[in-house]
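To keep things clear, I will list the structure first and then write my remarks on it.
The values are calculated or read from the model by the stated rules, or taken from the named source; none is laboratory data. Quick caveat: nothing in here was measured; it's all calculated off a predicted structure. A quick note on method: Cβ atoms are made from the backbone with ideal geometry, for glycine too, and the neighbour counts reach across all protein chains shown. The accessibility values were calculated without ligands, DNA or RNA, using every heavy atom of the protein model including side chains. Shrake-Rupley method; radii C 1.70, N 1.55, O 1.52, S 1.80 Å.
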Amino acid sequence: MTIATESKVRAVKRKADSPWKSAWRRFIRNPMAIAALTMLTVIVLFSFVGPFFSPYKDARITVKNANQPPSAEHWLGTDNLGRDVVLRLMQAGQISLLVGLMATGVILLLGGTIGLVSGFYGGWVDSIFMRFADIMFAIPTLPILITFGAILSDLKFPPDRRIYLVMLIIGLISWMGLSRLVRSQVLSLKEQEFMLAAEALGLRDRRKLFAHLLPNIIPIMIVSGTLGVAGAILLESALSFLGLGVIPPTPSWGQMLSAANNMVDFSKRPWLWIPPGVMILITVVSINVIGDALRDAFDPKMKR
Amino acid sequence: MFQYIIRRLMESVPTIIGASIVIFLAFSLAPGDVITANYTGGMNLTEERKAELRELYGLNKPLPERYGLWMGHVLQGDFGQSYLYNKPVTDVIKTFVWNSFLLSATVLVLQWMLALVIGVFSAVRQYSLFDSLVTVLVFVAMSLPSFFLGLLLLKLFAVDYRIFPLGGMTSTGVDYQGLQHILDVAYHMALPVLTLTLLSIGGTTRYFRMTMLEVVRQDYIRTARAKGLKERVVIFKHALRNALLPLITLFALELPGLFAGAIITERIFNWPGIGRVTLDGLYQRDYPLMMGFTLIIAFLTILANILADVLYGVADPRVRHR
């Protein structure tokens, strides 16, 4: 008898999973998401752990090995300075992934804060922020992005610090989508009863914002953030391809692809620019699939 | 409806002014100007000569005054003089924008037609092999970096197999007329159009599939089937028409893109469009050209937003504009 009740209690407990747990369960039931997650893990390991296993990690630049086609020693050949392309791909991956992540950090911080504040306070604060978002939306992304890139080139920033500015710029021109999403979510949350309760309890604004509203918008932030990483990696690679983003000696996948701007490298040495392109493609596809699966997982109503 | 349009237009005035300020600031605060740009950098100008040139171009005045001057001229339809082409900015844009338009319009038609067919079939046969394949390919298409796809196609079809030309809009050294000229341009267009279509088709297909999936679950579709209508009529006449509604917005928002040019693709295929011209303008610090072009696109984007809302209201009577 007691055992039966106990198991019943347990069953009830199991039913009341936290939203996080049930989202996670829906996520891992999606085969495409698992494949993408595995792929992404492989890429991250390749970029960050791979260099330790490369026989060329301490190799000096020897120009006499330059521009070799793929061989047993150099799986993807060497570049114009005799560097091993596989090792270069790993190092470039670190930069590309980092730029994507950090730029997304900027987007989440800016877009999240602006959306939260606009939605919560409303009134003129909301009008100003949303009007500013409209303005930023109207300005075409690529022209303004390459202009900022050109400004960077003129400022003669040290190449190793330049990547931080690239992250910042990408973040500064792509926060608007998230801020609108968060704002509309906050507006609908404000109408719900738990916010009325918070009001009735006389909670301070800070507590309402951080303890009650923020946890509810985290799912959107996660989904937008994931998709944002993919977008940021694409933007960085476009900028670097045009020679306006990450510049040598710092490598990034987009920067490696700019080798294709040279007609000889483009037509005769495809091993210099096809591998970084494939890396970008695989990474961005994986992240997009994961982001999409997360959206389905957090919002089961959306799914089919 | 008329009142609504007027109100929206009035409301967008501050937005366009704000956009013009942001654009002006971005280009004015940029260090370096046409005098220090690459193509004059080689010439050794004395400091006095530089100052003279700056005065000539009005670059030595304070920012608010320069903005006022620029906006004053813009309102009269004068976007200033392009340094690079030594012609009015409007003339430069007029010369090149139609080449971009030709490319983008072809892509837009192909993209929407293909996306419609693929999206509808993939939704009708949900969970089929075709549908899964489409779902995967849509992700790939959405994730392709434009320059990488362009370069791959160029390498494959122009370098390895010389089926298509390496770039440009017409064959050099010959002066075709009439039909031959059209065929020549079409031949040069093939690769850039393929690139841009592949890039844009993913998102649109996804939308078509999504809205179709939503519509075919509605009661009126079940009713149509219960009436014994042919499946083809149900899908194309009853379902597709309703599925198209939310896509009107998407379509209207893509219209400014017709004039914006494709900076990266045009550069790779050396297409003489407005995108390539802007990029050259940027490298040469031809800021009047960049500013004029960016402002026009911003303006068109704002108009397209209004158009999207108005069209949606016209097509769907359930949406009422106040």
(message) Summing both sides, how much accessible area is buried between B and A? Use a 1.4 Å probe and give Å² to the nearest 100.
(response) 3900 Å²
(request) Based solely on C-alpha atoms, express the radius of gyration and the Dmax of segment B:173-322 in angstrom. (result) 21.3, 67
(message) Just to verify a number: FRET efficiency for B:Glu214 and A:Asn216, C-beta to C-beta distance, R0 = 35 Å, to 0.05?
(response) 0.85
(message) Under 5 Å between amide hydrogens, which residues at least 5 positions from B:Gln81 or on another chain qualify, with H placed 1.01 Å from N in the peptide plane?
(response) B:Val89
(request) Over 32 Å between C-alpha atoms is what I'm after, so list which of A:Lys21/B:Lys237; B:Lys94/B:Lys237; A:Lys268/B:Lys94; B:Lys61/B:Lys94; A:Lys21/A:Lys208 land there. (result) A:Lys21/B:Lys237; B:Lys94/B:Lys237; A:Lys268/B:Lys94
(message) Please give the charge dipole size of segment B:91-254, origin at the Cα centre, charges +1 on K and R Cβ atoms and -1 on D and E Cβ atoms. Round to the nearest 20 debye.
(response) 880 debye
(request) Could you compute the FRET efficiency for B:Ser171 and B:Asn86, with r as their C-beta to C-beta distance and R0 at 30 Å, rounded to 0.05? (result) 0.60
(message) What does the C-alpha gyration tensor say about the overall shape of the protein assembly as shown? Classify as rounded when a/c is under 1.5, otherwise prolate if a/b is larger than b/c, or oblate.
(response) rounded
(message) Which positions within segment A:217-257 get 20 Å² or more of their accessible surface covered by the other protein chains, compared to the chain by itself, with a 1.4 angstrom probe?
(response) A:Leu234, A:Ala238, A:Phe241, A:Leu242, A:Leu244, A:Leu257
(message) Rounded to whole Å, give me the distance from the Cα center of segment A:211-227 to that of segment A:95-144.
(response) 15 Å
(message) For chain B, what does the relative contact order come out to in percent, with C-alpha contacts under 8 Å and a separation of six or more?
(response) 28 percent
(message) Per residue of segment B:5-22, what does 6.51 cos²θ - 1.76 cosθ + 1.60 with θ = phi - 60° give for ³J(HN,Hα)? Whole Hz please, x for Gly and Pro, Karplus curve as stated.
(response) 4, 4, 4, 4, 4, 4, 5, 7, 4, x, 4, 5, 5, x, 4, 5, 5, 4
(request) Grab the DSSP H runs of the protein assembly as shown that are 4 residues or longer, score each as -39,500 (n - 2.57), total them, divide by all residues and round the 222 nm result to the nearest 500 deg cm²/dmol. (result) -23000 deg cm²/dmol
(message) Between B:Ala186 and B:Leu75, how high is the FRET efficiency from 1/(1 + (r/R0)^6) when r is the Cβ-Cβ distance and R₀ = 35 Å? Nearest 0.05.
(response) 0.30
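So if each residue of separation counts as 0.36 nm, and I subtract the Cα-Cα distance between B:Lys227 and B:Tyr161, what length gain in nm does that give?
18.3 nm
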(request) Using only alpha carbon positions, build the gyration tensor of chain B, then give the equivalent ellipsoid semi-axes as the square roots of 5 times its eigenvalues, largest first, whole angstrom. (result) 43, 28, 16
(message) At 1.4 Å probe radius, can you tell me the per residue accessible area of the protein assembly as shown in Å²?
(response) 51 Å²
(request) Could you work out how far apart the two model spin labels at A:Val44 and A:Leu201 are, taking each label as a point 7 Å from the Cα in the direction of the beta carbon, and quote it in nm? (result) 3.5 nm
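Once whole DSSP H runs in chain A are found, which of them have Cα atoms spread over 27 Å or more along the helix axis and a mean Kyte-Doolittle score of at least 0.0?
In chain A, the long hydrophobic H runs are A:85-121, A:214-241, A:274-298.
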(request) Starting from one equal scatterer on each C-alpha and no solvent at all, send me the Debye-based log10 I(q)/I(0) for chain A at q = 0.10, 0.14, 0.16 Å⁻¹, two decimals. (result) -0.69, -1.10, -1.28
(message) Residues of segment A:114-144 that become at least 30 Å² less accessible with every protein chain present than in their own chain isolated, using 1.4 Å: which are they?
(response) A:Arg131, A:Ile135, A:Ala138, A:Ile139, A:Pro140, A:Leu142, A:Pro143, A:Ile144
(request) Please list, or write none, the aspartates and glutamates whose alpha carbon is within less than 14 Å of the alpha carbon of A:Lys190, excluding same-chain residues fewer than 8 places away. (result) A:Glu199, A:Asp205
(request) Using only Cα atoms, find the angle between the long axis of helix B:47-57 and the longest principal axis of chain B, and express it within 0 to 90 degrees, rounded to the nearest 10. (result) 50 degrees
(request) Quantify, in whole percent, the carbon and sulfur part of the accessible surface of the protein assembly as shown (1.4 Å probe; protein heavy atoms only). (result) 65 percent
(message) Binning at 5 angstrom from zero up to the longest distance, how are the C-alpha pair distances of segment B:91-254 distributed in percent?
(response) 1, 8, 14, 15, 16, 13, 10, 9, 6, 4, 2, 1, 0, 0
(request) Quickly rank B:76-87, B:213-224, A:253-264 as a protection proxy: mean count of other C-beta atoms within 10 Å, highest first. (result) A:253-264, B:76-87, B:213-224
(request) At 7 Å along the Cα-to-beta-carbon direction for both B:Ser28 and B:Val13, put a label point, then send me their distance in nm to one decimal. (result) 2.2 nm
